[in-house]
Amino acid sequence: MVNSTDRTKQPRTGSAATANPAVFCATKQTLLQEFSDAAYCLTVLHQEKFEGVIRDDPRVAQFDQAIEQARLMKDRAKHAYLIHAGEHGCITANQNV
Ligand SMILES: [Zn+2]
């Protein structure tokens, strides 16, 4: 529970937010969500390929190209997040990717 007098957990505005962008950064949150979505897609494709292997589905090789594309999208999203966080200084210790 957040104590209303605990100002350290409340979003800051103005110069305080500029001085410490780790408090809240909408761009960081967006990029982190895009990375999360891309990682989830990659996981789903791996799961579907695995299930295809178990069923001995001859189409299982078709997953390889989709998996490679999903891996590239995940890597691009991770890179965009890390570049932004490094330049903006809004990464926190518990958000390392
Ligand atoms: Zn930022």
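The values are calculated or read from the model by the stated rules, or taken from the named source; none is laboratory data. Predicted model, so just to flag it, every value in this text is computed and none were measured. Methodologically, a virtual Cβ is constructed for each residue, glycine included, from the backbone with ideal geometry; neighbour enumeration extends over all protein chains shown.
For the range 55-77, the criterion of being within 16 Å of the ligand (Cβ to nearest atom) and surrounded by 11 or more Cβ atoms within 10 Å (Cβ to Cβ) is met by at least one residue.
Within this structure, residue 77 fails the test of being within 30 Å of residue 26 (Cβ to Cβ), touching a Cys at 6+ places or on another chain (Cβ under 7 Å) and modelled with pLDDT of 95 or more.
Could you go through the range 13-22 and let me know if any residue there is within 16 Å of the ligand (Cβ to nearest atom), surrounded by 12 or more Cβ atoms within 10 Å (Cβ to Cβ) and either of a type in the set (Gly, Ala, Ser) or modelled with pLDDT of 95 or more (or both). Yes; the residues of the range 13-22 include at least one that is within 16 Å of the ligand (Cβ to nearest atom), surrounded by 12 or more Cβ atoms within 10 Å (Cβ to Cβ) and either of a type in the set (Gly, Ala, Ser) or modelled with pLDDT of 95 or more (or both).
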